[in-house]
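Here's the structure, in structure tokens; my notes come after.
Every number here is computed from the coordinates shown, using simple stated rules; none is lab data. These numbers were taken from a predicted model, which means no experiment stands behind them. Note that we place each Cβ from the backbone using ideal geometry, even for glycine, and neighbour counts take in every protein chain shown.
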Amino acid sequence: MSIRIAVDAMGGDKAPGEIVRGAALGAKEYSDVNLILVGEERLIENELRSPDVGSLAPEVRERIGIHHAGEVIQMGESPALALRKKKDASIRRAVELMAEGEAECVISAGNTGATVAACALLLKPLPQVLRPGIAVSFLTGNSVCTVIDVGANIQCKPAHLFQYAVMASVFSHYILDIENPKVGLLNIGAEAAKGTEILKKAHELLAESNLNFVGNVEGNDIHTGKCNVIVCDGFVGNVILKLSEGLSFHILDTLEKALEAKRPEALEDVRAEFDILRRRNDYSEYGGAPLLGVDGIGIICHGSSDRRTMRNAVRVAREFSKFQVNKHIVAELASLNT
């Protein structure tokens, strides 16, 4: 059975070129994927005729369609205002296709707020879900830690945090293949009495559930492998995401420059290992971050996404659909009576 994915071809710093080319690579790799590239038709057609895309086999090209959208929501625009003013914006049109049943998934590297707002405006929440959350996965040693929320909801109630734990646990189990994921609540200390009243109440809800809750965790636990899921509000989560990304590349660049200055011959010996470390910490390897909790599949990619990111985002969207993650989230929430 084919999976229809609407791609916001105009969203992102490298749109439409890298977005179109990466999505096409995803269609080439997965024969059950059908793409709808949403945006300025003339520009998309030009990219599809480029040498690296134009060499696609006819049967692959047949699975790539175009849906024209004449406007783009820029990174600096107010999401709510832009969605009201720009009815023909590419991200709005892509989400509309999903809302109308023409697509099962949407992928965008554009304005994150606009993507979240469009999904909230045009799609229904999953049954019992109070607020959607963006989930980002970090590689930690031999495992993966998924942090939720990283930007969709900056003012969380205890019930929101609890539902984030449920949804991210389901995602971790079915997509990341983690049996009985360990869940932690991000706080300023490990003791149950630490933190705000919201965090204390969230701790109670998690402790009373059948989730594999390990208690409060601190910021230095994110990358140690202590948990498979860490729950926080979107403000804190977004800071964690940007800090982790910036710090990891800063450390690698600093080490590489130090070796190059003092022992250039040693740098050549370890350059391959440096490249491996960069890939382990590169969001491009994991595609995009799913917006959990909406009746559809929304994959949010980094603004600087390139073709590799988009190809992997197609993979993530395909797996999300294939393993029916939303169906399992609904069932798990229903069993917990949240």
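Numbers for the structure displayed
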| item | result |
| --- | --- |
| Relative contact order (percent, whole number), the chain, Cα cutoff 8 Å, 6+ residue spacing | 23 |
| Loop-located GluC sites (Glu not before Pro) in the stretch 79-135 whose Cβ has at most 16 other Cβ within 10 Å (DSSP) | Glu100, Glu102 |
| GNM top mover of Leu48, Leu199, Leu255 - the chain, alpha-carbon springs below 10 Å | Leu255 |
| Kirkwood-Stokes translational diffusion coefficient of the chain, alpha-carbon pairs, 37 °C, 0.692 mPa s, µm²/s | 159 |
| Of every Cα-Cα pair in the stretch 135-285, the percent that sits beyond 24 Å | 37 |
| Three-way shape call for the stretch 1-63 based on the alpha-carbon gyration tensor, with the a/c threshold at 1.5 | oblate |
| Where the Cα pairs of the stretch 1-145 fall when distances are cut into 5 Å bins, in % | 2, 10, 18, 20, 18, 14, 10, 5, 1, 0 |
| Of every Cα-Cα pair in the stretch 298-338, the percent that sits beyond 13 Å | 61 |
| Cβ crowding within 10 Å averaged over residues, with 185-197, 83-95 ranked highest first | 83-95, 185-197 |
| Long-range HN-HN contacts of Gly215 with modeled amide H, under 5 Å | Leu185 |
| Under-5 Å amide H pairs with Gly195, H placed in peptide plane, nonlocal only | Ile188 |
| The stretch 168-253 pair-distance distribution - Cα-Cα, 5 Å bins, rounded % | 3, 14, 22, 23, 20, 11, 5, 2, 0 |
| Amide H partners (placed H, <5 Å) of Ala289, local residues excluded | Ile300, Cys301 |
| Note, ³J(HN,Hα) from phi for the stretch 99-115, Karplus 6.51, -1.76, 1.60, rounded to Hz, x at Gly and Pro | 4, 8, x, 7, 9, 9, 9, 10, 10, 9, 10, x, 4, 4, x, 5, 5 |
| Cα-based reach from Lys182 at 20 Å (exclusive), listing aspartates and glutamates while leaving out same-chain residues under 8 positions away | Asp149, Glu191, Glu204, Glu208, Glu218, Asp221, Asp233, Glu332 |
| Gaussian network model of the chain, Cα within-10 Å springs - most flexible of Asn312, Asn210, Asn228 | Asn210 |
| Relative packing of peptides 18-24, 256-262 - highest average C-beta neighbours within 10 Å first | 18-24, 256-262 |
| Ranked Phe323, Phe213, criterion: other C-beta atoms within 10 Å, fewest first | Phe323, Phe213 |
| Loop-located chymotrypsin sites (Phe, Trp or Tyr not before Pro) in the stretch 125-186, at most 12 other Cβ atoms within 10 Å (DSSP) | none |
| Of Lys14/Lys257; Lys86/Lys124; Lys200/Lys226; Lys226/Lys257; Lys87/Lys242, those spanning more than 23 Å from alpha-carbon to alpha-carbon | Lys14/Lys257; Lys226/Lys257; Lys87/Lys242 |
| Test item: Cα-centred dipole of the chain, Lys/Arg +1 and Asp/Glu -1 on Cβ, debye | 460 |
